[in-house]
Amino acid sequence: MSRGFSTAIRHRRLAGVLWLSLLASALVSWFPLKKLFQPMDEGAFREALVKGWDGWGFLSFLVSRGPEIGVALAAVTGAFIVFALLQIFLTGGVLRILIDGRPRPVFARVVAESAGLFKANLWATARFALTAGIWMALLVAVPVALLGKLGKDAPPNTFLPDLAFWWAVVVGAVVLLNVGLRFDLARVALARGDARNARGAYRVAKQSLSGRRLSGIRIVLFWLALGVAVQAVFTSAGLRINPRTNSAVTGLLVFRQFGFFLLAMVRVGFWAALLAWEERRRPAYSVIGSASGGTTWKSSEEIATSAAASASPETGSSVTTNGSALLSS
Amino acid sequence: MKHIAFAAAATLALALPAAALETPRKIVDYDIRVSFDPETKIVEGSETLKWTNPSDAPVGELRFHLYWNAFRNDRSTFFKESGGQLRGDKAETGKGWGYTDVTSMKWDGAELIKGARFESPDDGNPDDRTVLAVPLPRPVAPGETATLAIAWKAKVPKVYARAGYVRDFFMFGQWFPQIGVYEPAGRRRRTDAGWNCHQYHANSEFYADWGDWRVAITLPEKFVVGSAGALVDTKTAGGKKTLTFEQKAVHNFAFTADPRYVVVEDAFDPAKDIPKDEIALASRTLGRSEAELRAGFHKVAIKLYRQPEHGAFDRRHIEAQKWALAWTGLWAFPYPYAQISIVDTPEDGLGATGMEYETIYTTVSLKWMSRWPFTRLFVPETVTIHEFTHGYWMGLVASNEFEESWMDEGINTFTELVMVDRKYGTYLELPPGIGVTNEESNRVSALTQDHDPILSSSWKYATENSYARNSYPQPGTTIQQIRRLLGEQAFWRAFRGYAERWRFDHPTSEDFFDFMRASGNPVVAALIQKTWYGRGWVDFSILTATTRPDDGFTGFDDADKPVNFDPDPKKKPPEKPDEKKHKGPWRSLVTVSRDGDIEMPVNVALTFKDGTTVKRTWDGASGWIKYRVTSSSPLVKAEVDPERRAVLDRNPWNNARFTKKYEGPSAAAKSRTYALHLVEILLSTLWGVL
Ligand SMILES: [Zn+2]
């Protein structure tokens, strides 16, 4: 955890890049939003809305501006897709920077490193979506459907319907955490160069996970909870601020962006913590690439020290031409 | 002419309370014995019906409602109108079908059922089986009471519309062969006597005569039964029990059975449960002493039949019930019955939810609404208040829902919004005050295009949406508009006057309007004409609002002398004076418009930069009005209807304009900033996954 916090602070520029990607994606919807709300300065509710939130003003606005709202929602969907693609793209670069350890310069490096890893990361994401879908169907949809059949004649809010609900929530979360963690570790493997493609990376991730899934999930949960807390604090504070002047609105904008920047730092912290966790299993030396693709050697000081402290270092005898084989021995 | 007519109406209204009934006129008497098998859903029933001919004419044929034949097959009028889907719940065809078959009907020993036939007076549907016409061997003489012995067999439908079963939950509404209404001449302003017995429609079911009920229900012992009546006898034998209930002076009898019910009992005590500020307000507004208002109140037993997992809602329903008993008692008249039963339907039987029957109704509890932040989503309370108050609008003031559904749902929507907003304020209030009131949620209807007048038979509206709009929110909002136009005192006195006059009687729309028009307000009379009988609407707006420096006179005067300009063409024209430095005076022009065909007076407020506001009242009779103002300070804002009294206004957003001199903060900037943050929050959730 502490490694995550210290890295997040050291790599705040990296967090800045993530925050910028969020803001830039959100701005995709900016013009439709601007156009949607422009009439608010013309209408009868302008002063009421500046003071607070006029219920009737808002309700009548929503009812009478259907087409504009439709356009804005389409733009938000666009922003969502842009942001999703940007995150798939950027994660590779972020991981490379963190592995490398040099906090600056950051922007050009993130972009360059991301570009190199993008294709593999895209495949890894597709595989994540597919496996998440399959496991969800097998472990959530099918049992819930079975429970539904069993409890067809059971009154609502009794054992079987409740079990179906909680099964969906808990098992769904467990599936997502597991599949997500392996996806994350696969992307780490790609960034480290432990594998050249998504398939290999998933194999490395599997070995990295074996026997210590729980501790990995704990890391994910901790940083997830931290992110939710940051989000909640800034959202409720943002609502309470209720700016009543133009400059207060600008102030709110800045304040809230700071909140999103902190959230980006949490994201960086999570990756750093995950990298540290993953290193505990790493040998002092690792082999990159497959036999057919030629052998490249890479050693990292940082990895060596941490590995020496936490895991039993392995020596030449166990080195093979395939990184994953090494770990499974 | 108009005014003379209004004066006559006022006199009539004053004379009307004398005609009010202390008890309803008893036309029917039902003694019913019914048993049902929860496994097969088969019901066996027999009833002794005493029916009195209320008219001056002999009646040679009887008409009966067989409501459950609406669920007989997909050819019923009900099924065709609803498409097998009502209020979000879908019909389960197959084993879910239900029916009612009258197997025997005897009068003076003669079997009448052989000559009986089905009628479809509303739509001529040859396949509808919900109205049974029974020719008699001899007419029932005026005032004569015919005693009929009826036997029937029925199957309970799977609940999707009001009545039916799900698992072991049973709601018996409109469940027995019920005689239609033979209206004497004069009833509901009709000229000739005749049957008023409509088919069961997707949107309406209530209109019946008053009488007394005695109902004996036989069913397995494990069932808990709640009904419209008081339990007078219990017998058990062989794992079954027979419960006998009685209720006098109602026009409807419903009951429910479910082994899972937990019965919560409480009582409305007028000494404790009438809020002091509410009775003080009613006393001031109605001009009656508090003692007089308290006079008719008495204790009312409250029984809540609830699902075992809905304990969190006990207080919520009972508090809402007590408030509704207090409010209706003050602003209409005190509830006359000794008890009220509230049925909490199971969450998989929502088709039965939110239904009114006399002295018993169904309400809703959804478990998730017992958790934060939904504890402030007052839906259970609203449904309880709404359904109970139907006991007044259609129940005690027994309108004909088939023909005038607004008198049932619309007046009820109005009283609901008053009651709910007074007690609960806004729904789901989040900081900083995000939430809407019940009134506002109903007022939305005024913003939308209409296709029908409010007044129409429930099955004759253009679309299902048009029925809903014109039966619920639009009449509710239009009554609210009448209230704003008449003022509190005149409106509530007329409203209570209507309720008291028509208690235990059958009013028609015009009877309600008579009270609303009684004070002689021509705007209200015209409003009623335009909205209940037409598709009237109104939109007030500020068309223009400009302000500019008044620099005085320029040009040639009468002596051809140039004033404030130099006629020399070689000279450069003088620079325009800087508006910012202008000390006054200012000339402003404001154009206010009224679109649509409803006329009503509104205020127009002109606000100037120095903070002064000038208000003028415009009668709204013409299409537009212009205000030209010369002032020492520039105009910053012009607003029509600043008090928001024109609740029917189709577009409230165009009610104000700001001039260039307005320097207030931007609401658009604030809103789009929040919107941007909302988008960022939404996007950043991806960081939890990707
Ligand atoms: Zn209703």
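Things worth noting here:
- Nearest-20 debye value, the protein assembly as shown charge dipole, Cβ charges on Lys, Arg, Asp, Glu: 4940
- A simple charge model with +1 on the Cβ of Lys and Arg, -1 on the Cβ of Asp and Glu and nothing else charged puts the dipole of the stretch B:434-534 at about 200 debye relative to its Cα centre.
- Distance in nm between pseudo-label sites at A:THR235 and B:ARG587 (7 Å out along the Cβ direction from Cα): 5.5
- The amide H of B:SER55, built 1.01 Å from its N in the peptide plane, has B:GLY143 as neighbours under 5 Å, considering only residues 5 or more places off or on other chains.
- Taking label positions 7 Å along the Cα-Cβ direction at both B:LYS235 and B:LYS114, the computed distance is 3.3 nm, reported to one decimal.
- Anisotropy class of the protein assembly as shown from Cα gyration tensor, a/c 1.5 cut: oblate
- For the pair the stretch A:165-233 and the stretch A:61-94, the centres of their Cα atoms are 26 angstrom apart.
- In terms of the mean number of neighbouring beta-carbon atoms within 10 Å, the peptides B:134-140, B:480-486, B:610-616 order highest first as B:480-486, B:134-140, B:610-616.
- Rg ratio (alpha-carbon, reference 2.2 N^0.38 Å) - the stretch A:57-185: 1.55
- Restraint check, B:LYS158/B:LYS367; A:LYS51/B:LYS322; B:LYS423/B:LYS661; B:LYS50/B:LYS423, Cα-Cα greater than 32 Å: A:LYS51/B:LYS322; B:LYS423/B:LYS661; B:LYS50/B:LYS423
- Length-normalised contact order for chain B - Cα pairs under 8 Å, 6+ apart - percent: 11
- In this calculation the C-beta distance from B:ALA462 to B:ASN564 is compared with R0 = 56 Å, giving a FRET efficiency of 0.35.
- A:ALA248-B:ASP74 FRET efficiency (beta carbon distance; Förster radius 60 Å; 0.05 resolution): 0.45
- Pairs exceeding 24 Å between alpha-carbon atoms, taken from B:LYS615/B:LYS670; A:LYS152/B:LYS80; B:LYS576/B:LYS609; A:LYS119/A:LYS206: B:LYS615/B:LYS670; A:LYS152/B:LYS80.
- Computed from point charges on the beta carbon alone (+1 for Lys and Arg, -1 for Asp and Glu), the dipole magnitude for chain A about its Cα centre is near 580 Debye.
- Here B:ALA185 and B:GLU488 are evaluated by their C-beta separation; at R0 = 30 Å the FRET efficiency comes out at 0.20.
- Average silhouette area of the stretch B:223-337, convex hull of alpha-carbon atoms, in square nanometres: 8.7
- Ordering of B:284-297, B:44-57 by packing [mean C-beta count within 10 Å, highest first]: B:44-57, B:284-297
- With the convex hull of the Cα atoms taken as the outline of chain B, the averaged projected area works out to 42.8 nm².
- Point-to-point label distance, A:LYS206-B:ALA295, nm (Cα→Cβ direction, 7 Å offset): 8.8
- Listed residue (B:ALA237, B:PHE170, B:VAL181) projecting farthest to the positive dipole end of the stretch B:1-259, Cβ model: B:PHE170
- The ranking of B:ASP266, B:ASP551 from fewest to most other beta carbons within 10 Å of each one's beta carbon is B:ASP551, B:ASP266.
- Segment B:ALA526-B:LYS660, length gained on full extension (0.36 nm per residue, minus Cα span): 44.4 nm
- Neighbouring partner chain Cβ atoms per residue of B:633-642, average, 10 Å criterion: 1
- Dipole of the protein assembly as shown, positive end: most advanced residue of A:LEU274, B:LEU136, A:VAL233 [Cβ charges, Cα centre]: A:LEU274
- Here the 3J(HN,Hα) profile of the stretch B:268-282, calculated from phi with Karplus coefficients 6.51, -1.76 and 1.60 at θ = phi - 60°, is 7, 10, x, 5, 9, 9, 9, x, 4, 5, 6, 5, 5, 5, 4 Hz, Gly and Pro shown as x.
All of the numbers you see were taken from the coordinates with simple rules; none came from a lab. Keep in mind that what you see is a predicted model, and the values were worked out from it rather than measured. So basically every Cβ, Gly included, is an ideal-geometry build from the backbone, and we count neighbours across all protein chains shown.
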